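Below: the structure, in structure tokens.
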Amino acid sequence: MSAFSYLSRNIIEFLATQGITSATPIQEKAIPVIMNEKQNALLLSPTGSGKTEAALLPLLNRLQEMKSQRELFGFYILYITPLRALNRDVFKRIEDMCGHLGLTVSVRHGDTTQYERRKQALKPPNLLITTPETLQAILPGKRLRYHLRTVFAVVVDEVHELADSKRGTQLCLGLERLEHLVDAPIQRVGLSATVGNTGEVARLLGGSNRIVKTVWAGYDSRKMALRVEMPTPNQHHKKLARKLLYPPHSTARLDRIVDLVSTHESTIIFTNTRSFAEILGAKMMAIKPPYEFDVHHGSLSKDVRISAEERLKDGVSKAIIATSSLELGIDIGQADLVIQYSSPREVSRALQRTGRAGHGIGRTAEGVILATANLDDVTESGVILRRALMNKVERAKIPLMPWDVLCHQICGFLLDMQEIEHSELLRVFSRAFPYYSLKPENLSRVLDFMVEKKLASLENGKVTKNKRTRVFYYEHLSTIPDVRKVNALDIVTRSSIGVLDEDYVTQSVETGSVFVIRGRPWQVISIEEEEVLCAPVTDIDTETPRWIGEMIPVPFEVAAEVAKVWNAIAERNENESKELLRREYKLSDEAQNHVIENVKKALSELGLLASEESFIIEDFLTGIVLHAPLGTKTNETLGLVIAALLTTRMGVDIAVERDPYRILFTSSVRIEPEHVADVLKDYNGEQASTILRKTVRTTQNFTSRFIHVGRRMGIIRRDAKVREIPVKRLIKAYDGSPVFDEAMREVLDEKLDEKRVIDIFEKGSSGKLEISIVRTERPSHFARLIVEEKTRFEVIGEISDEEEILAMMEDRLLAKRFRLVCMAKGDWDSTRTVSTMEDVVECPVCGSRMIAVLPPTDREFTKIVAKQVAGKHLTKSEEKKYRAGGLMATLVSDYGKRALLVLAGRGIGATTAARILKPGLTDRHSLLREIAKAEREYARTRPFWGD
Amino acid sequence: MMSSDDLFLRAFENSAGHMANLDSVRSIVEGLIGHGHSLEYIIQSLEREMEEAEVTLRTDLRILINEARHLVRRMTSA
């Protein structure tokens, strides 16, 4: 019996007019389940498989039946989605059907007009499509609260998105409050595309004591054609690279993208950060491709984003370069190709993104991961792809017992109820899964805090609202980190260029910083309270833009499998390895060769390879690399603990850098590898945990979290500027409070991985962890991936080849022309290009090395030197020029051509050049890096020089 | 068995918190109770009031009617 046979004739007729005559797999399974009013359900099915209809058809069927029996007045079904854009999308699809059935539907979120809101209060739509935050807003509302009393079902879309954050926790409590209001069970239906721990997510939806049936369908029929490519540059790319001022490997990838877009109808290109989406857009614009395309990310205005979405859908543009802004199911038509630029880092991200291609039943999703020429990136891409094909998705990390959400929701409940018994509060809230183990003493502690902050009053076990309750509740509706947005404005027109996060502005942006937005480079001229004023940079040869985005963490499971792949290659011959990489990990030939070559090299240098059970401590004399493939969070945590212990042991500061596969330790003194091994063996898990918690307090991460939690719990005003908050004092004052505890929990659970590190130290201290020490003369191929990462330029978002960038800069410096004037006898004055000079620079006439370096247009200096040589009197300004020339001449005399190279750097005068040259940097690499640093410094401070 | 007046007053108390024009509704309610009218009569009177009322008052009255009918349903099903 088909699922559609459960539905009314009216509905079936309507579906037929839309050309829908049979149910999709998820609809077949879910409709009969949901028809049972008492059954809660979690529907798991790929994107575009008809989940929305699977949930709504049976519910609208029921509503239609109710309508035939009595007049409807109030909200009956709530459809909650995490994104406003999704609200729009769902609305369009459902509106027609509801209209046909004589039912009303409306959307309500932050952007809904006052007019529309009033209309909803007076004539409530039967089905309300909304966001979790808006539900919070209307729950205590006078009128709307009444209309909510008739709700019999709630559909929560993209549950996995909400589950992973406090939005989900807040929604849970919101649903408990709703059910308390309705005073009857509400049917809960969750829709999710990809979840690793379905049991927990089902409990999140249903609460700790309700049964939720999990319905899976459609994963087999979803065909995916995925592969990993690693474009390498040929001559054409190298030539183009010089023209675009873009590294050759990056150019090869760009060229491949253009090629792929040109041979497909509609392509989505995903990047991992906004900054890189902008850079790629800028470079693609520069290459003038034979198609239209757009850039799409969260910092662009709503209009720009909607326009980009429609252009792709209508076929006006062929490609869209996007970030996670396009991951969720916004309907942009049928993209037939998804390109992921460099490793997507997480399986769920890979699935969500590749799922945007072939958005429809029975279509094959084509996806290509374009890996960078970096061993980690290529292998990781292959591993993620394999896990994606097997649907091995990461678990949603549900925040448990977050105090800030509880505090906020207690306020909400007080607005709902006016007053409530302590025991009733505990009973209602502990029904929500994240608070299932909430104890009376925990609740009391939070209430005490709230009473102190005048958010509530407590007397004889009764909790009542206070003067501040309402204001606090409405000011803190959103759990999304209260990141203030700062406008970037064009300094001339004062029009908005885009929006930056406050955190980013305070940590990374300074006057002179250059960043790219909407395909154009802008330089920061000044930073004001609410605004960053910028001017367009016309010189396209800008230093690589800085816009530091958060790198997506690589999960432990992925990192561990990457290490398994490397170990597998170590044990096989070339042909077997190639077969493995091709068959299991879908790597192209170039990618296979790159991986095999690098793994074999590393093996010959280290003798063995690391794994999750077996670490290698590599001592390359100027530093230590701990090879440990444990993922981003574990390595971040492990690095913190080991560095803290080493610092205590050695009495000097230890610097730490980490990536998902290894941790780098450096210091001003030599670190013995045995010390690192000892640290791993001498401390047990509990001790490691204590040290971790002590150390975390001093980190920027914790400070940042504390500010966010502080804002959410009302101890820091929302509009307080980060720069003005006395954070250290506040942290000390609130030590031991729910605010402190929550900030610590956030860091330990969400940013770090305390549990796994405890486990590592337990194994280490009981001899169950294999640790090998290897000494190398210089960093191994694996170690170089982090040693060079440490000094790479800040092209965050793309792991690029520093060597390429330095070479390009060197070309520019060598092409610089100077007027060289001999200061000994003034008998030589010549304009020369740096590249044509010998290492030793001397006057061809008298052999003197005292050669002054001047701009080619300066004809005055020679005259000044002639005057000086002739013993004539110099004016004050001539004397000043002469002395300056003398300084430069000294540098040229001491350092020769190297001095010319340094002086060719933008804004680098004699003093800066002397500073750069003094340490006697012998290698070209270090010298170029110092020059680049000085150029950046100049750009930062240039506005103050008043040119 | 609850009288119509009692039931109607209960409905008013339950829904008063959701009213935008509480005073106006209260005076309408006071005008309708104490005359021994049936609940159906009271509801019809309210519906007549709705015809001429301003839009927010109309919604208030609708809420009140709804609540009264809801209470009746609960009583009859109990």
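The values are calculated or read from the model by the stated rules, or taken from the named source; none is laboratory data. Since this is a predicted model, take the numbers as computed values, not measurements. Virtual Cβ from ideal backbone geometry, glycine too; neighbours counted across all protein chains shown. Please note that ligands, DNA and RNA were not included when accessible areas were found on the heavy atoms of the full protein model with its side chains. Shrake-Rupley method; radii C 1.70, N 1.55, O 1.52, S 1.80 Å.
Could you state how much accessible area A:Glu762 has, in square angstrom rounded to the nearest 10, with a 1.4 Å probe and all protein chains kept in place?
Result for A:Glu762: roughly 80 Å² accessible.
Summarise the accessible area of chain A (1.4 Å probe, protein heavy atoms) by the percent that is carbon and sulfur. Walk me through the intermediate numbers first.
Working: 19530 of 39390 Å².
That share works out to 50 percent.
What whole number of Å gives the distance from the Cα centroid of the range A:176-196 to the Cα centroid of chain B?
When both Cα centres are located, 32 Å separates them.
Rounded to whole Hz and in sequence order, give me ³J(HN,Hα) for the range A:653-661 from the Karplus expression 6.51 cos²θ - 1.76 cosθ + 1.60, θ = phi - 60°, writing x for Gly and Pro.
Ordered by residue, 3J(HN,Hα) equals 5, 10, 8, 10, 10, 9, 9, x, 10 Hz.
Can you give the accessible area per residue of the range A:1-70, in Å², using a 1.4 Å probe?
Working: 3130 Å² over 70 residues.
Normalised by residue count, the accessible surface of the range A:1-70 is 45 Å².
Please list 3J(HN,Hα) in residue order for the range A:267-274, calculated via the Karplus relation 6.51 cos²θ - 1.76 cosθ + 1.60 where θ = phi - 60°; whole Hz, with x for glycine and proline.
10, 10, 10, 9, 10, 8, 9, 4
So if I average 1/r over every pair of distinct C-alpha atoms in the range A:726-769 and take the inverse, what Kirkwood radius in Å does that give?
About 12.3 Å, per the Kirkwood formula over Cα pairs.
Order A:Trp216, A:Trp828, most accessible first, counting only protein heavy atoms with a 1.4 angstrom probe.
Details: A:Trp216 100, A:Trp828 30 Å².
If we order A:Trp216, A:Trp828 from most to least accessible, we get A:Trp216, A:Trp828.
With a 1.4 Å probe on protein heavy atoms only, tell me which residues of the range A:98-128 lose at least 20 Å² of accessible surface in the complex relative to the chain by itself.
Buried-area filter returns A:Arg118, A:Leu122.
Excluding A:Ala319 itself, what net charge comes from residues whose Cβ is under 9 Å from its Cβ, given Lys and Arg +1 and Asp and Glu -1? Provide the component values of the computation, followed by the final result.
On the way: positive: A:Lys318; negative: A:Glu292, A:Asp294.
That sum, taken over residues with Cβ under 9 Å, equals -1.
How do A:Tyr291, A:Tyr115 rank by accessible surface area computed with a 1.4 Å probe, from largest to smallest? Spell out each step's value before the answer.
Values: A:Tyr291 25, A:Tyr115 155 Å².
Largest accessible area first, the residues go A:Tyr115, A:Tyr291.
Ignoring everything except DSSP H segments at least 4 long, calculate the 222 nm mean residue ellipticity for the protein assembly as shown; use -39,500 (n - 2.57) per segment, divide by total residues, nearest 500. The partial results should precede the final answer.
Numbers: 42 runs with 507 residues, N = 1025.
Using -39500 (n - 2.57) per qualifying helix, the result is -15500 deg cm²/dmol.
Taking amide hydrogens as modeled 1.01 Å from N in the peptide plane, which residues meet the under 5 Å criterion relative to A:Trp216, leaving out close sequence neighbours?
Distant-sequence amide H within range of A:Trp216: A:Leu44.
If the viscosity is 1.306 mPa s and the temperature 10 °C, what Stokes-Einstein diffusion coefficient in µm²/s follows for the range A:372-485 when Rh is the Kirkwood radius over Cα pairs?
Details: Rh = 16.9 Å.
Estimated diffusion coefficient is 94 µm²/s.
List the residues, sorted by chain then number, that are 5 or more residues from A:Ile773 or on another chain and whose placed amide H is less than 5 Å from its amide H.
A:Ile617
Taking the Cα centre as origin and putting +1 on Lys and Arg beta-carbons and -1 on Asp and Glu beta-carbons, what dipole magnitude results for the range A:110-226, to the nearest 20 debye?
Magnitude of the dipole: close to 500 debye.
How big is the charge dipole of the range A:225-358 about its Cα centre, in debye rounded to the nearest 20, if each Lys and Arg gets +1 on its Cβ and each Asp and Glu gets -1 on its Cβ?
On the way: 19 positive and 15 negative charges, 134 e Å.
It works out to roughly 640 debye.
With both bridge residues required to lie in the protein assembly as shown, what share of the DSSP beta bridges run antiparallel, to the nearest 5%?
Working: 44 of 104 bridges.
DSSP beta bridges in the protein assembly as shown are roughly 40 percent antiparallel.
Helix A:589-606 versus the longest principal axis of chain A: what angle, 0 to 90°, nearest 10, using Cα atoms?
That works out to roughly 70 degrees.
Calculate, in nm to one decimal, what A:Val471 and A:Met808 gain on full extension: separation in residues at 0.36 nm each, minus their alpha carbon distance.
Values: separation 337, 0.36 × 337 = 121.32 nm, distance 5.65 nm.
Between A:Val471 and A:Met808, full extension yields 115.7 nm more.
Would you mind giving the three semi-axes, in whole Å and largest first, of the ellipsoid equivalent to chain A according to its Cα gyration tensor? It would help to have the intermediate numbers written out before the result.
Working: eigenvalues 614, 201, 191 Å².
Square roots of five times the eigenvalues give 55, 32, 31 Å.
Under the Karplus relation 6.51 cos²θ - 1.76 cosθ + 1.60, θ = phi - 60°, what is the ordered set of whole-Hz ³J(HN,Hα) values for the range A:393-404, x standing for Gly and Pro?
Working through the residues one at a time gives 8, 5, 7, 6, 9, 7, x, 9, 6, x, 6, 5 Hz.
Could you provide, to the nearest whole Å², the per residue accessible area of the range A:628-705 with probe 1.4 Å? Walk me through the numbers on the way to the answer.
Details: 3090 Å² over 78 residues.
The answer is 40 Å² per residue.
For A:Val840 and A:Glu597, calculate 0.36 nm times their separation in residues minus their Cα-Cα distance, and state this gained length in nm to one decimal.
Working: separation 243, 0.36 × 243 = 87.48 nm, distance 4.06 nm.
Length difference between fully extended and current span is 83.4 nm.
Between the helical axis of A:685-696 and the dominant principal axis of chain A, each derived from Cα atoms, what acute angle in degrees is found, rounded to the nearest 10?
The answer is roughly 70 degrees.
Let me check I have the definition right: for the range A:600-666, take the eigenvalues of the Cα gyration tensor, multiply each by 5, take square roots. What are those semi-axes in whole Å, largest first? It would help to have the intermediate numbers written out before the result.
On the way: eigenvalues 90, 43, 16 Å².
Over the Cα atoms of the range A:600-666, the semi-axes work out to 21, 15, 9 Å.
For A:Ile129, enumerate residues with amide H under 5 Å from its amide H, sequence gap 5+ or separate chain, H modeled in the peptide plane.
Under 5 Å from the amide H of A:Ile129 lie the amide H atoms of A:Tyr79, A:Ser106, A:Val107, A:Arg108, each far enough along the sequence or on another chain.
Where the eigenvalues come from the Cα gyration tensor of chain B, what are the semi-axes √(5λ) of the equivalent ellipsoid, largest first, in whole Å? Walk me through the intermediate numbers first.
On the way: eigenvalues 76, 36, 25 Å².
Taking √(5λ) for each eigenvalue gives 20, 13, 11 Å, largest first.
Assuming 0.890 mPa s and 25 °C, estimate D for the range A:811-854 with Stokes-Einstein, Rh taken as the Kirkwood radius over Cα pairs, in µm²/s. Walk me through the numbers on the way to the answer.
On the way: Rh = 10.6 Å.
So the translational diffusion coefficient is about 232 µm²/s.
Could you run the Debye sum over the Cα atoms of the range A:90-183, one equal point scatterer each and no solvent, and tell me log10 of I(q)/I(0) at q = 0.13, 0.15, 0.20, 0.25 Å⁻¹, two decimals?
-0.46, -0.62, -1.10, -1.48
Compute the long axis of helix A:924-941 from its Cα atoms, compare it with the longest principal axis of the Cα atoms of chain A, and write down the angle in degrees, 0 to 90, nearest 10.
In chain A, helix A:924-941 runs at an angle near 70 degrees to the longest axis.
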